[in-house]
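The values are calculated or read from the model by the stated rules, or taken from the named source; none is laboratory data. As the structure is a prediction and not an experimental result, all values here were calculated from the model. Heads up, the Cβs are rebuilt from the backbone with ideal geometry, glycines too, and the neighbour counts pull from every protein chain shown. Keep in mind that these areas ignore ligands, DNA and RNA; they rest on the heavy atoms of the full protein, side chains included. Shrake-Rupley method; radii C 1.70, N 1.55, O 1.52, S 1.80 Å.
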Amino acid sequence: MAKGCTLATVFAGLLSAGLISAASHARADSPSLATEIKATYLDKFGDFVDWPAGALRGPNDPLRLCVVSDDPLGAVLEQAARGQRIGSHPVQLLRLNRSDRVEDCHILFAAGSSRESVLQKVKGVPVLTVTDGVNDPAARGMINFVELSNHVRFQIDAASDVSQIGVAGL
């Protein structure tokens with residue numbers, strides 16, 4: 001043991017190291033700010049869309065926010081969507097597999113390996129599609145998240161099927 005170092009000092013040092021380790025582990029497991037921002041955007045995009053007649057059956061029909069991906073947003077998106085409404089429509093969060101029917105979604109977040117096949121399913125259907133960090137324009141949704149200089153931004157793909165739904169203010 002080092003000179004002037006008591007057992008209590010060593011114990012305190014180990015305890016502090018353990019607490020620091022536990023605290024940094026908790027931070028590593030907590031969602032990033034970028035994840036929180038993306039989840040909030042997903043929940044809010046519907047406010048800027050003029051849905052075509054028939055997309056929502058009635059004034060209280062839920063607006064279905066669907067996630068088909070490896071679900072990088074997880075519990076953060078659940079928290080962001082909980083109790084939210086877009087107009088008179090409650091937001092209903094659905095986690096789907098790529099084999100599920102995605103054509104009934106209003107907003108579709110597609111990420112990961114299933115992205116391209118899922119986007120093909122909704123071609124020509126009034127579903128607002130959102131992707132994350134896709135470089136290939138052919139594989140992007142109508143909206144694509146990008147991170148630039150530690151800021152979350154989104155791109156609206158003017159060449160996509162945006163004309164099928166009215167995008168009012170994005």
Toward the positive end of the charge dipole of the stretch 52-170, about the Cα centre and with charges on Cβ (Lys, Arg +1; Asp, Glu -1), which of PHE154, THR131, LEU77 goes farthest?
LEU77
For SER113, the net charge from surrounding residues (Cβ-Cβ under 12 Å; K, R +1; D, E -1) works out to 0
Quote the accessible area belonging to ARG101 in square angstrom, nearest 10, computed with a 1.4 Å probe and with ligands, DNA and RNA left uncounted.
150 Å²
Which residues qualify? For THR129, with a placed amide H closer than 5 Å and at least 5 residues away or on another chain, they are LEU108, MET142, ILE143
LYS123: which aspartates and glutamates have alpha carbons under 13 Å from its alpha carbon, excluding same-chain residues fewer than 8 sequence positions away?
GLU103, ASP104, ASP161
Carbon and sulfur: what percent of the stretch 111-162's accessible surface (1.4 Å probe)?
47 percent
Excluding ligands and nucleic acids, what accessible area in Å² is computed for PHE45 using a 1.4 Å probe, to the nearest 10?
0 Å²
